[in-house]
1. Residue by residue through the range 76-104, note down the ones that are assigned to a loop (DSSP other than H, G, I, E, B), crowded, with 21+ Cβ neighbours inside 10 Å and within 13 Å of the ligand (Cβ to nearest atom).
2. With the condition kept exactly as written, say whether any residue in the range 139-151 is farther than 28 Å from ASP64 by Cα and either within 8 Å of the ligand (Cβ to nearest atom) or part of a helix (DSSP H, G or I) (or both).
3. For the structure I just gave you, tell me whether VAL51 is under 19 Å from LEU143 (Cα atoms) and either within 13 Å of the ligand (Cβ to nearest atom) or more than 18 Å from the chain's Cα centre (by Cα) (or both).
4. Determine whether the range 105-113 contains at least one residue that is under 17 Å from PRO53 (Cα atoms), of a type outside the set (Lys, Arg), more than 8 Å from the ligand (Cβ to nearest atom) and assigned by TED's automatic domain parsing to the domain that holds LYS48.
5. Do we find a residue being within 16 Å of the ligand (Cβ to nearest atom), in contact with a strand residue (DSSP E or B) (Cβ under 6 Å, 6 or more places away or on another chain) and under 24 Å from HIS281 (Cβ atoms) anywhere in the range 200-220?
6. Kindly provide the set of residues from the range 321-357 that are touching a helix residue (DSSP H, G or I) at 6+ places or on another chain (Cβ under 9 Å) and more than 20 Å from GLU368 (Cβ to Cβ), ordered by number.
7. Could you please tell me which pairs satisfy a Cβ distance under 7 Å, a separation of 6+ or placement on different chains, a first residue in the range 279-304 that is over 13 Å from GLY367 (Cβ atoms), and a second residue that is assigned to a strand (DSSP E or B)?
8. Just checking, how many residues over the range 197-234 are out of contact with any Asp or Glu (no Cβ under 9 Å at 6 or more places or on another chain) and open to solvent by 60 Å² or more (accessible area, probe 1.4 Å)?
Amino acid sequence: MEELDEAMSDGAVLDLSGETAGEHATEAGSPFFVSKKAAAVLKHAILKQYVVPFASKVGKYAPDSRVVYLDGYAGPGRYDDGTPGSPALILDSAAAISDFRKLECYFVERNRKNYQSLSTLVAEARQQGLAAQALQGRAERHLDHVLGAADGSPLFAFLDPFGLGITFDALTQRIFGSRRAGGQPTEVLLNFNANAVRRIGGLLTSKKDNPHRPATLKALDAACGGDWWQEEFLDSANNPEAVDRITDGFAKRVGRAVGAGSWTIEVRNRADLQVAYHLVHFSRHKDGLWLFGEAASLAQVEWRRACVPPPSDGMLFNPADAFEQEEEARRLKWIKRIRVNLEGLLQKYGSFIVGDHQAEVMAGVLGEARERHVRAAIKDLFKEGKTSCNGVGDVRKLRVAITS
Ligand SMILES: C[S@@+](CC[C@H](N)C(=O)[O-])C[C@H]1O[C@@H](n2cnc3c(N)ncnc32)[C@H](O)[C@@H]1O
């Protein structure tokens, strides 16, 4: 386990206190209109960007190149308007890598109507030769079945409930705990619901009589692994602070319990709206945390693009042009910031490997910038004679050293 190391940008936290690293990310820049579905755009983009590199990487040494994927709160698979939900997206990913990886998918859904539509999607996928199962009922009820099927193979679990999901104990002991002995790669991406924290936390100070109060507080205790969150809520100056503190506390506690690092990504429906939920990613492996940073950065581009309003009559400029200009300005700002970080690391260590200092290299731009921006910053320093590293090759493995 590496030393405690934590870094934040505006909306991203990378916590390296477990095996390696954790993270919050958001881009609060665009003043533009954002569609109501922008939160789902970010969530789905992260899934799409991450699961393929994850399966490609961990499946390399897995028996039969098999990787198990669990979507514990799957929804209908595809929405009424044809928009893919998480199952449709992942089945596309499974098809895309089917020549070299077997992504075996388990989708659990409690609601009967959603399950029916999910089953149709899964049946189509099976006809195409993909390995997929739709399971009806509560996620917890199917956990043992899926964990049994995943025994000996890498596992990625996506847990995306509307409110509170599986308990802290189910996450740490059943999902992670059951797989520790084999050392099989295990990663979880979960939706930690800020609305639930605000709503349930509000009960602590509410004067209204509420017969469900004790049970509701207990439900959040179970999700958080204890009642520690209550003090955090009461000690916070406002709801955004409470949500941040409780999400961070949750990620750290899970990370400590299972020996994992984590990323925490803020998800909003609009840059100026409060956080709807955080996506928290847990991995016991440094490579997973690095790859997730790449996926989060690419997904943020999709999210920002989804925030651009369509051009309309009477507009003095084309919003798409403004978007490209804003992206270029962001790129330059990130590279500048990473340069400063790299120069600080050069001063401190004289020589270092980029991938060993992910949080410090990306400090201030976590979840926003990615490898290509690190490479550009290294190349700038090389041109200026500040490092002997020319920025060519696998960025994570580059050794950046002061020019001798
Ligand atoms: C946020 S939606 C899922 C969206 C889906 N992951 C996507 O991105 O397209 C949550 C789903 O979980 C289902 N659900 C609620 N409680 C559940 C439980 N205990 N176990 C399994 N599914 C549950 C709901 O019916 C709902 O369809």
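The values are calculated or read from the model by the stated rules, or taken from the named source; none is laboratory data. This one's a predicted model, so the numbers in the text were calculated from it and none came from an experiment. So basically every Cβ, Gly included, is an ideal-geometry build from the backbone, and we count neighbours across all protein chains shown. Accessible surface areas use protein heavy atoms only, side chains included; no ligands, DNA or RNA. Shrake-Rupley method; radii C 1.70, N 1.55, O 1.52, S 1.80 Å.
1. Our first condition is that a residue be assigned to a loop (DSSP other than H, G, I, E, B); within the range 76-104, this holds for 76-77, 79-83, 85, 97-101.
Okay, now just the ones that are also crowded, with 21+ Cβ neighbours inside 10 Å, so 77, 85, 101.
GLY77, GLY85, listed by residue number.
2. no
3. no
4. Looking only at the range 105-113, we keep the residues that are under 17 Å from PRO53 (Cα atoms), and these are 105.
From what is left, the residues that are of a type outside the set (Lys, Arg) are 105.
In the following step, the residues that additionally are more than 8 Å from the ligand (Cβ to nearest atom) were identified as 105.
Narrowing further to those that are assigned by TED's automatic domain parsing to the domain that holds LYS48: 105.
Yes, some residue in the range 105-113 is under 17 Å from PRO53 (Cα atoms), of a type outside the set (Lys, Arg), more than 8 Å from the ligand (Cβ to nearest atom) and assigned by TED's automatic domain parsing to the domain that holds LYS48.
5. There is no residue in the range 200-220 that is within 16 Å of the ligand (Cβ to nearest atom), in contact with a strand residue (DSSP E or B) (Cβ under 6 Å, 6 or more places away or on another chain) and under 24 Å from HIS281 (Cβ atoms).
6. Within the range 321-357, LEU346, LYS348, TYR349, PHE352, ILE353, ASP356 meet the criteria.
7. Note: pairs meeting the criteria are PHE282/GLU187; PHE282/VAL188; PHE282/SER262; SER283/GLU187; SER283/GLY261; ARG284/THR186; GLY288/GLU187.
8. Of the residues in that region, 12 qualify.
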